[in-house]
Amino acid sequence: MSDIQSQFSDQPLKQSTTQFTDEPMPARQAEPEAMASPPSLQRRLRLWPGVAIFAVQWAIVGTLQLFFDGEPLGFMSLLIGPMVGTLALLGWWLFFSRLSWTDRLGVPAACILMVGLMLLLADQSIKGMPLVFYTLPLAEAFGILWLVVSYPLVWLVPSYSTSWQIRRGGLLLGLMMVCGYFTLVRFDGVTGAFQAAMWNNWRWTPSAEDNFLADLAKSKTSKPVEMNAKPLALQPGDWPCFRGLNRDSRLTGVKIATDWGQNPPKLVWRHKVGPGWGSFAVIGKHLFTQEQWDKNEAVVCYDADTGKILWSHEYPARFWEAVAGVGPRATPTFHDGKIYAMGAAGKLCCLDAASGKELWSRDILADSEAKLPQWGFAASPLVMQGMVLVFTGAKDKCVMAYHADTGKIAWHAGDGEFSYSSLQGAKIDGVEQALMMTGDGLFALQPKTGAVLWNYEWKLSGAARCVQPGAVGNADFLLGSPFNSGTHRLHVAHDGDKWDAEKVWQSRAISPYFNDFVTHRDHMYGFTGELFACVDLDKGKLKWKERGYGTGQALLLADQDLLLLMAEQGEVAMLEANPQEHKELTRFKAIEGKTWNHPVVAHGRLYVRNGQEAACYQLRTP
């Protein structure tokens with residue numbers, strides 16, 4: 001029985017073995033090759049989500065730029081778009097790219113390492129905002145473009161593993177080149193339209209500030225300041241402070257020749273200056289401004305005839321931010337033989353105007369416990385009723401007042417923590433008051449005591465107010481706001497000690513940012529973004545607007561119905577103050593470089609400056 005069972009069990013086993021080895025085995029031998037493909041296929045990059053994310057990101061940013069150009073939403077899209085897009089692309093790469101985890105984790109880690117090295121090696125000017133605005137978008141664009149362009153390698157290279165190694169290597173090499181480029185350049189700020197001044201500025205080439213400091217070292221002498229110089233006094237035709245006598249860029253009693261085509265203004269002098277975004281104060285033959293001299297801020301007095309330095313007062317301070325760069329932002333104020341100057345880092349000093357001798361100084365950050373503003377202190381001091389008034393931005397200490405002769409604190413008052421506007425003097429129904437414009441609106445103070453007389457509330461979020469409030473008649477004021485927020489006209493009235501400010505109209509026809517406007521014959525002329533516009537003061541309706549000046553500054557020659565425009569790229573243009581049409585009469589190139597500084601006309605001369613040079617031109621009379 002056991003033999004039969006043995007034969008029975010052996011035979012089928014043998015047959016079964018023979019069938020398994022003779023016929024099915026070839027299929028089993030081929031199986032390892034068939035199974036080798038699926039793991040490779042699973043590691044293939046799923047590219048379309050990344051392309052879709054990139055396309056949607058820039059479609060949204062482009063749409064917002066098209067419909068909300070010059071508004072907070074348009075600006076924020078340029079800032080937030082690259083950050084959100086980069087995070088979305090990272091999410092796709094980590095969770096939906098279908099690559100091996102070695103690639104999913106290794107490539108982002110390599111990118112983080114490259115960015116870290118870039119920030120370590122790059123010029124200081126590249127760090128911060130330029131990284132978001134320019135480095136991230138360029139890296140995104142290259143990465144997606146390379147992966148799309150290199151996609152045919154999947155079919156051209158027999159081994160997918162080899163093709164992916166080439167694509168991965170090209171991706172990392174390209175991103176390394178993007179980061180490497182940003183270690184080689186210097187970021188020199190942006191235009192008013194946020195266009196970068198960077199692409200051709202290699203970091204090893206001398207900057208405008210370097211060239212100025214080299215010239216300064218050669219020309220600076222140890223000539224002592226004349227401490228007993230005759231005190232200076234205000235004379236007719238002087239330009240004593242920011243935007244002129246009334247801080248409104250309005251000049252009367254002056255006429256100039258307009259045939260610049262045949263007889264352009266004659267150059268008197270032109271030379272390099274230290275970085276700074278303020279303007280000039282002109283007292284007789286003395287020209288006052290503020291500059292950055294290496295690690296020091298400097299209040300400088302030039303000879304108006306020659307452009308040579310008469311005296312300078314330096315103190316340790318250096319403020320820098322990415323948009324405008326380094327240097328003071330304010331314009332010195334002349335009053336009663338003294339110069340009052342506010343530095344970008346919060347140093348307020350009082351100097352003898354004739355000699356430059358320091359009489360007193362204050363640190364407004366320490367006095368008010370304010371925080372240093374993002375763009376630095378830009379408010380020019382206002383002197384009224386024996387007080388020097390400055391904006392601080394501190395809570396409950398928005399405005400600080402110092403005794404003009406001693407520098408002792410007199411009072412502090414007001415709310416409003418966000419502003420780059422200077423205080424504006426006004427007289428309403430014979431009552432002198434100081435107007436302060438902030439992100440909360442406009443309010444008025446009694447200069448002697450700091451008592452708040454009235455307040456007009458118009459809160460602005462996402463942007464700062466920078467321009468001066470404009471007077472219309474004796475009791476109306478224009479309150480401008482940037483990024484298509486528009487302008488309000490308000491009327492101030494009072495009954496006894498009770499004051500009230502009410503809105504007359506609001507309009508989006510003009511939205512002044514840091515470019516001050518002027519008013520003339522029932523019309524308002526000023527910049528709204530990169531457009532220069534005319535708006536009627538009755539209803540706030542747009543009359544016309546025109547390009548061609550960047551984001552510049554305007555000065556009114558009221559007796560001739562003329563507008564003098566300081567264009568952003570250093571040209572000076574003359575326009576008719578004509579509400580019916582835009583009519584440019586002539587223009588000429590005055591200085592080189594980005595120019596956000598206000599022009600000055602005093603004693604028959606035009607004075608212009610920017611962050612790298614200044615010039616004086618003789619203006620002919622008709």
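Scan region 493-504 and give yes if some residue there is open to solvent by less than 10 Å² (accessible area, probe 1.4 Å) and modelled with pLDDT under 95, otherwise no.
No, because not a single residue in region 493-504 is open to solvent by less than 10 Å² (accessible area, probe 1.4 Å) and modelled with pLDDT under 95.
Six or more apart or on different chains, Cβ atoms under 9 Å: show the pairs whose first residue is in region 367-389 and small (Gly, Ala, Ser) and whose second is assigned to a helix (DSSP H, G or I).
ALA370/ILE364
Could you give every pair whose Cβ atoms fall below 8 Å, whose first residue belongs to region 106-119 and is over 18 Å from LEU87 (Cβ atoms) and in contact (Cβ under 8 Å) with a residue 24 or more places away in the chain, and whose second residue is of a type in the set (S, T, N, Q) and part of a helix (DSSP H, G or I), counting only separations of at least 6 or pairs across chains?
As it stands, the answer is MET118/THR135, since those pairs meet every condition given.
Would you check which residues across region 363-398 are of a type in the set (D, E, K, R) and more than 12 Å from HIS412 (Cβ to Cβ) and list them? Talk me through it step by step, then tell me what you get.
So in region 363-398, the residues of a type in the set (D, E, K, R) come out as 363, 367, 369, 371, 395-397.
Within region 363-398, ASP363, LYS371 meet the criteria.
If you scan region 474-492, which residues turn out to be open to solvent by less than 10 Å² (accessible area, probe 1.4 Å), under 26 Å from the mean Cα position of the chain (by Cα) and not β-branched (Val, Ile, Thr)?
Residues satisfying the conditions are LEU478, LEU479, GLY480, SER481, PRO482, GLY486.
Restricting to region 398-416, name every residue that is within 26 Å of the chain's Cα centre (by Cα) and open to solvent by 10 Å² or more (accessible area, probe 1.4 Å).
Passing the criteria: only ASP415.
Test each condition in (1) in contact with a helix residue (DSSP H, G or I) (Cβ under 8 Å, 6 or more places away or on another chain); (2) of a type outside the set (Lys, Arg); (3) modelled with pLDDT of 95 or more; (4) not in a strand (DSSP E or B) for GLY356 and report the one that comes out false.
All conditions pass for GLY356, except number (1).
Go through region 516-547 and count every residue that is at pLDDT 95 or above, open to solvent by less than 50 Å² (accessible area, probe 1.4 Å) and either part of a loop (DSSP other than H, G, I, E, B) or of a type in the set (Lys, Arg) (or both).
Within region 516-547, residues that are at pLDDT 95 or above, open to solvent by less than 50 Å² (accessible area, probe 1.4 Å) and either part of a loop (DSSP other than H, G, I, E, B) or of a type in the set (Lys, Arg) (or both) number 4.
For the structure I just gave you, tell me whether TYR151 is at pLDDT below 85, over 30 Å from PHE532 (Cα atoms) and aromatic (Phe, Trp, Tyr). Walk me through it before giving the result.
Working: at pLDDT below 85: no; over 30 Å from PHE532 (Cα atoms): yes; aromatic (Phe, Trp, Tyr): yes.
Answer is no for this residue.
Matching residues to (1) surrounded by fewer than 14 Cβ atoms within 10 Å (Cβ to Cβ); (2) of a type in the set (Gly, Ala, Ser):
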site: GLY106; (1), (2): no, yes
site: ALA109; (1), (2): yes, yes
site: LEU117; (1), (2): no, no
site: GLN124; (1), (2): yes, no
site: LEU138; (1), (2): no, no
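Would you pick out the residues in region 373-386 that are farther than 20 Å from ALA434 by Cβ and at pLDDT 95 or above?
Here is the first cut: in region 373-386, the ones farther than 20 Å from ALA434 by Cβ are 374-376.
Hit for region 373-386 is GLY376, nothing else.
When region 569-622 is examined, which residues are found to be in a strand (DSSP E or B), among the aliphatic types (A, V, I, L, M) and under 21 Å from GLY529 (Cα atoms)? Working first, answer last.
Taking region 569-622 as the starting set, the residues that turn out to be in a strand (DSSP E or B) are 571-576, 584-589, 600-602, 605-609, 613-618.
Adding the requirement that they be among the aliphatic types (A, V, I, L, M) leaves 572-575, 585, 600-602, 606, 608, 614-615.
Result: VAL572, ALA573, MET574, LEU575.
Hey, could you check region 602-622 for residues that are out of contact with any strand residue (DSSP E or B) (no Cβ under 6 Å at 6 or more places or on another chain) and on the phi < 0 side of the Ramachandran plot and say which is surrounded by the most Cβ atoms within 10 Å (Cβ to Cβ)?
Our first condition is that a residue be out of contact with any strand residue (DSSP E or B) (no Cβ under 6 Å at 6 or more places or on another chain); within region 602-622, this holds for 603-604, 609-612, 614, 620-622.
With the extra rule that they be on the phi < 0 side of the Ramachandran plot, the set shrinks to 609-612, 614, 620-622.
Values: ARG609: 27, ASN610: 24, GLY611: 25, GLN612: 21, ALA614: 25, ARG620: 14, THR621: 8, PRO622: 8.
It comes out as ARG609.
Can you tell me which residue among GLU140, GLU209 is touching a residue at least 12 places away in the same chain (Cβ under 8 Å), over 28 Å from VAL326 (Cα atoms) and under 28 Å from the mean Cα position of the chain (by Cα)?
Details: GLU209 fails: over 28 Å from VAL326 (Cα atoms).
On inspection, the qualifying residue turns out to be GLU140.
Go over the candidates PRO49, PRO108, PRO137, PRO32 one by one and state the one that is at pLDDT below 90 and part of a helix (DSSP H, G or I).
Details: PRO49 fails: at pLDDT below 90; PRO108 fails: at pLDDT below 90; PRO137 fails: at pLDDT below 90.
That would be PRO32, the only listed residue that is at pLDDT below 90 and part of a helix (DSSP H, G or I).
The values are calculated or read from the model by the stated rules, or taken from the named source; none is laboratory data. Everything numeric in this text was worked out from a predicted model, so none of it was measured. Ideal geometry is used to build each Cβ from the backbone, glycine not excepted, and the neighbour counts take in all protein chains shown. Just so you know, the surface numbers come from the protein's heavy atoms only, side chains and all, with ligands and any DNA or RNA stripped out. Shrake-Rupley method; radii C 1.70, N 1.55, O 1.52, S 1.80 Å.
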